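Take a look at the structure below.
Please treat every number below as a calculation from the coordinates, not as lab data. Keep in mind it's a predicted model, so treat the numbers as computed, not measured. Don't worry about glycine lacking a Cβ; one is built from the backbone with ideal geometry, like all the others, and counts go over all protein chains shown.
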Amino acid sequence: MSIPNELAEIQSRLSALKKQLKETAAQRDRQGGTAFEERQLFRDSGLLKLFLPKQFGGSGQDWPFVLRAVREIAGVDSSLAHVFGFQHLILATIQLFGTHQQTERFFTETGQANLFWGNALNPLDQRTVYTQAECRLFIDGRKSFCSGARDSDRLLISALDDSGRLVVAAIPSRRKGITLYDDWDNMGQRQTDSGSVAFDRVELFEDEILGPPGPLGSTFSSLRPLIAQLMLSNIFLGIAQGAFQEAIEFAQTQGRPWFSSGVKQIGDDPYILHRVGELSAEIRAAAALTESTATQLQFAWERGDDLTITERGELALEIAAAKVITSRVGLDVSSKLFDITGARATQSVLNLDRYWRNVRVHSLHDPVDYKLRDLGNWSLNQCWPSPSFYS
């Protein structure tokens with residue numbers, strides 16, 4: 001299959017998936033819980049292997065394409081876009097932290113079995129420990145914010161050893177001693193399954209432990225948190241685009257101009273036009289920054305172990321800027337959409353407030369004030385953001 005035909009075929013599957021998700025997104029947001037049926041749609045679509053290299057049965061798409069796909073899903077269902085995005089982030093983490101043999105093994109398994117990966121990494125939650133007893137390794141404790149863990153086939157996990165060192169590993173989700181809890185009940189991102197996972201003497205094997213994670217490893221391996229940040233930025237932007245599209249469609253079909261506007265059609269109301277133009281400009285600017293940053297990420301990814309600290313620092317600043325702008329645009333558009341649609345759009349059946357709730361919950365996980373600090377520290381002091389597990 002030629003490259004244009006291959007991309008068109010992937011886009012067709014993506015469009016079909018978006019259509020299916022959109023039909024039930026508002027209702028499922030009210031219900032919460034695990035979207036078992038919708039997660040199966042992802043499995044059936046083949047899009048779980050979008051990032052996976054072709055030699056392992058994947059599509060081998062680059063970061064701009066992958067991030068754009070996540071953004072498109074976020075426009076209709078940001079909860080499942082989060083889970084979908086983390087699928088690719090976890091596979092990238094395996095390549096960044098693992099040995100060549102581990103990468104080949106886990107990628108082969110993913111391609112052959114169409115595995116759905118879940119996250120139980122969360123280094124901020126230090127309740128999970130790694131111990132050795134009678135020449136065997138065990139994990140005990142609990143992790144919170146384990147997005148996508150329920151209904152997953154494999155988990156990326158972390159634990160602290162007896163010296164406080166972070167250990168990252170990849171294990172089967174249904175291994176004896178693992179309990180996946182349905183205890184995520186937040187006001188937004190309600191179907192990300194970001195609840196908790198308990199580990200009760202879960203056996204771990206040496207070949208499942210990945211190499212030194214993040215800043216403890218190479219400059220290349222420290223790309224992991226930057227990929228995560230740009231993934232979230234695309235979800236924020238997707239939410240803004242989805243909210244904006246909902247507002248436009250509602251205004252075109254059910255909107256009315258204000259009685260004192262002097263016009264008969266909402267499309268002629270000067271204040272509605274002003275608000276639509278304002279939000280359109282914000283979204284266009286955020287999209288341009290996010291797209292260019294994705295291209296820069298791809299350059300850094302292709303550099304591999306030749307990636308320099310300077311190149312990493314430049315990328316970190318661009319991603320920080322994208323994170324700030326997209327979170328602000330997401331919050332702004334998801335709030336001001338009601339200025340366009342009016343009071344009729346506040347009906348509970350439409351559930352349009354989910355856009356604001358979703359971006360608000362997600363944006364709190366990593367305060368953008370610290371991204372602004374990084375940008376300010378570079379501008380004033382020429383200090384690169386320090387590589388960590390979070391930036």
For the range 65-96, which positions are out of contact with any Leu (no Cβ under 8 Å at 6 or more places or on another chain) and more than 27 Å from I209 (Cα to Cα)?
R68, V70, G75, S78, S79, A81
Quick check on my filter: what residues within the range 371-388 are under 21 Å from T326 (Cα atoms) and part of a loop (DSSP other than H, G, I, E, B)?
P385
Complete set of residues in the range 243-256 that are touching a residue at least 24 places away in the same chain (Cβ under 8 Å) and within 13 Å of G342 (Cα to Cα):
E246, A247, I248, F250, A251, Q254, G255, R256
Given (1) under 22 Å from L67 (Cα atoms); (2) touching a residue at least 24 places away in the same chain (Cβ under 8 Å), index of the condition T103 fails
(2)
Flag for A228 being touching a helix residue (DSSP H, G or I) at 6+ places or on another chain (Cβ under 9 Å) and buried (at least 19 other Cβ atoms within 10 Å of the Cβ):
yes
Can you tell me which condition T219 does not meet? The list is (1) farther than 16 Å from A92 by Cβ; (2) outside any helix (DSSP H, G or I); (3) touching a residue at least 60 places away in the same chain (Cβ under 8 Å); (4) not small (G, A, S), and all the others hold.
(1)
Filter result (of a type outside the set (D, E, K, R) and more than 17 Å from L155 (Cβ to Cβ)) within the range 104-123
T108, G111, Q112
